[in-house]
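The values are calculated or read from the model by the stated rules, or taken from the named source; none is laboratory data. It should be emphasised that the depicted structure is a prediction, and the values quoted were computed from it without experimental measurement. For neighbour counting, all protein chains shown are included, and Cβ atoms are generated from backbone atoms with ideal geometry for every residue, glycine included.
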Amino acid sequence: MNLSLPATNVACQIGKFARSIKTFANSIIASSGRPRHARIMLYRLPPRERQVAEIVHQRGEASATEIRQALPEPLSNGAVRSMLSRLQSKGVVRRRRDGIRYVYLPAGVDPAVREAVLRRVSRDFFDGSLARAADAMIALRDAE
């Protein structure tokens with residue numbers, strides 16, 4: 001059975017999600033210092049919190065104002081800051097002071113989160129086949 005897909009098919013199946021996966025994979029760092037209860041899977045976040053977390057992961061770091069501007073639907077400054085506070089307490093993002101403002105960065109991600117995301121991509125885009133998903137990612141890497 002041939003599991004490889006033409007590069008054009010791969011691009012159609014993965015779309016915008018490919019960049020998110022690459023950025024997400026590059027942002028994974030050790031999470032051994034975080035308490036077990038603080039580890040949360042991104043796909044289990046409410047939709048708005050997930051949007052905010054994805055923006056932080058895609059950019060690598062961002063201020064609340066930058067996150068607010070990147071959201072597809074406008075939110076108030078207070079709502080964005082409240083979400084960032086909740087994401088920080090859940091262990092999804094961390095913050096550091098940059099002058100008079102805070103900049104938010106991806107927090108360490110549990111290996112179980114990485115596995116869950118890859119399984120979700122496999123299920124959503126490749127009919128549950130991890131082999132087809134891996135072939136597609138290899139094809140994308142080769143196309144770069």
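Looking only at segment 112-141, count how many residues are surrounded by fewer than 12 Cβ atoms within 10 Å (Cβ to Cβ) and either in a strand (DSSP E or B) or free of Cβ contacts under 8 Å to residues at least 24 places away in the same chain (or both).
Taking segment 112-141 first, the residues surrounded by fewer than 12 Cβ atoms within 10 Å (Cβ to Cβ) are 112, 115, 127-128, 141.
Then keep just the ones that are either in a strand (DSSP E or B) or free of Cβ contacts under 8 Å to residues at least 24 places away in the same chain (or both); that gives 115, 127-128, 141.
The number of residues fulfilling the criteria is 4.
Of the residues making up segment 50-80, those that are part of a helix (DSSP H, G or I) and small (Gly, Ala, Ser) number 5. Scanning segment 59-88 for residues that are among the polar types (S, T, N, Q) and either touching a residue at least 40 places away in the same chain (Cβ under 8 Å) or farther than 17 Å from Leu45 by Cβ (or both) turns up Ser63, Thr65, Gln69, Ser76, Asn77.
If you check Ser76, Ser82 for being loosely packed, with under 12 Cβ neighbours inside 10 Å and either modelled with pLDDT of 90 or more or among the aromatic types (Phe, Trp, Tyr) (or both), only one passes: Ser76.
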